[in-house]
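Reviewing the structure listed below.
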Amino acid sequence: MGKWAIAVHGGAGIDPNLPVERQEQAKQLLTRCLNLGIAALRSNVSAIDVVELVVRELETDPLFNSGRGSALTEQGTVEMEASIMDGTKRRCGAVSGITTVKNPISLARLVMDKSPHSYLAFSGAEEFARKQGVEIVDNEYFVTEDNVGMLKLVKEANSILFDYRIPLGCAGAAVTDSPILMNGLPISIYAPETVGCVVVDREGRCAAGTSTGGLMNKMMGRIGDSPLIGAGTYASELCGVSCTGEGEAIIRSTLARDVSAVMEYKGVGLQEAVDYVIKHRLDEGFAGLIAVSNKGEVVCGFNCNGMFRGCATEDGFMEVAMWE
């Protein structure tokens with residue numbers, strides 16, 4: 001029997017002027033999700049089940065960018081995506097373009113368990129969801145008043161906004177004064193708030209899951225790294241990894257898979273593997289990740305100003321943090 005470990009994240013890149021109240025709300029949500037996962041692990045729930053349980057909780061709370069509270073597309077609607085992976089046999093499931101499924105992570109799990117495929121998207125994924133009898137809601141359920149207001153600001157600035165949670169009073173300045181590039185094109189502040197969870201249970205089984213609404217004012221049909229196995233999510237017999245950040249950079253670097261590959265091919269531990277991919281695989285992109293190993297280790301890594309994150313181990317260690 002090994003030792004369990006768990007980590008959760010709520011996105012990499014944080015507005016330096018984020019109100020204290022918002023910071024505390026994020027810490028409370030991450031703590032609640034950690035405690036939910038810890039209780040399940042103490043009851044010998046499997047890693048894959050704990051990942052789904054925790055990500056569902058994150059999707060249900062509107063604080064972060066997944067499920068209810070997801071970022072809005074250019075048309076003011078929500079298109080969500082999620083993926084989940086069981087490292088034991090490297091089984092996986094992913095969905096994109098989800099508009100009515102209350103918990104996309106559970107639909108991804110059903111794709112893995114109940115379909116012959118690994119990835120379903122848009123109308124096909126929605127039809128599969130109806131056949132599986134998952135909970136369906138109107139798209140308006142996912143839309144929050146805060147995000148409607150932020151989309152209006154972003155459209156006025158003619159930009160794609162990463163940090164759609166920046167206080168309204170400074171959002172306009174942030175959009176115009178802090179440009180960065182995505183695939184060579186200017187966008188604004190970098191601070192997406194994708195959610196994710198990684199778990200290793202007492203049997204040494206690793207699992208990972210990631211869920212997001214994507215970018216505020218994104219083009220209809222845009223797919224990021226979160227549902228892409230090997231990019232935003234990966235789990236093997238060695239580790240489980242969930243990424244967050246500049247999706248296009250994560251996709252180019254296949255960031256999550258690289259952690260496992262470095263461990264496998266270079267024979268290094270989890271910390272060294274995470275440090276290596278964060279330093280050498282992101283080029284000029286910004287991102288973060290959480291990871292666990294089959295030895296019960298847990299590591300968080302990022303190359304930006306901060307990442308909403310929390311982790312805990314069977315040895316009694318528990319931490320919830322935001323900044324470096």
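Worth a mention:
- Enumeration of residues in the stretch 231-251 that are open to solvent by less than 10 Å² (accessible area, probe 1.4 Å), over 14 Å from Ala287 (Cβ atoms) and assigned to a loop (DSSP other than H, G, I, E, B): Ser236
- Residue match in the stretch 72-89 (condition: open to solvent by 20 Å² or more (accessible area, probe 1.4 Å), in a strand (DSSP E or B) and within 28 Å of Arg309 (Cβ to Cβ)): yes
- Within the set Val55, Val45, Val8, the sole residue that is under 16 Å from Val298 (Cβ atoms) and touching a residue at least 60 places away in the same chain (Cβ under 8 Å) turns out to be Val8.
- Any chance Val45 is over 23 Å from Pro62 (Cβ atoms), β-branched (Val, Ile, Thr) and open to solvent by 10 Å² or more (accessible area, probe 1.4 Å): yes
- Any hit, the stretch 152-164, residues being in contact with a Phe, Trp or Tyr (Cβ under 7 Å, 6 or more places away or on another chain) and either open to solvent by 10 Å² or more (accessible area, probe 1.4 Å) or in a helix (DSSP H, G or I) (or both): no
- Residue list for the stretch 91-131, restricted to those being in contact (Cβ under 8 Å) with a residue 60 or more places away in the chain and either open to solvent by less than 10 Å² (accessible area, probe 1.4 Å) or of a type outside the set (A, V, I, L, M, F, W, C) (or both): Ala94, Val95, Ser96, Gly97, Pro104, Ile105, Ala108, Arg109, Ser118, Tyr119
- Glu24 vs. criteria free of Cβ contacts under 8 Å to residues at least 60 places away in the same chain and in contact with a Cys (Cβ under 8 Å, 6 or more places away or on another chain): no
- Pairs, first at positive phi and open to solvent by less than 20 Å² (accessible area, probe 1.4 Å) in the stretch 276-300, second at pLDDT 95 or above and in a loop (DSSP other than H, G, I, E, B), C-beta under 9 Å, six or more apart: Gly296/Lys3; Gly296/Trp4; Gly296/Arg202; Gly296/Gly204; Gly296/Glu314; Gly296/Asp315
- Qualifying residue in the stretch 5-15 (condition: open to solvent by 50 Å² or more (accessible area, probe 1.4 Å) and of a type outside the set (S, T, N, Q)): no
- Residue check, Gly67 crowded, with 24+ Cβ neighbours inside 10 Å and over 15 Å from Gly11 (Cα atoms): no
- Failed condition for Glu59, given (1) assigned to a helix (DSSP H, G or I); (2) at positive phi: (2)
The values are calculated or read from the model by the stated rules, or taken from the named source; none is laboratory data. Because the structure is a prediction, the values reported are computed rather than measured. When we count neighbours, we look across all protein chains shown, and the Cβ atoms used for this are built from the backbone with ideal geometry, even at glycine. With ligands, DNA and RNA removed, areas are computed over all heavy atoms of the protein, side chains included. Shrake-Rupley method; radii C 1.70, N 1.55, O 1.52, S 1.80 Å.
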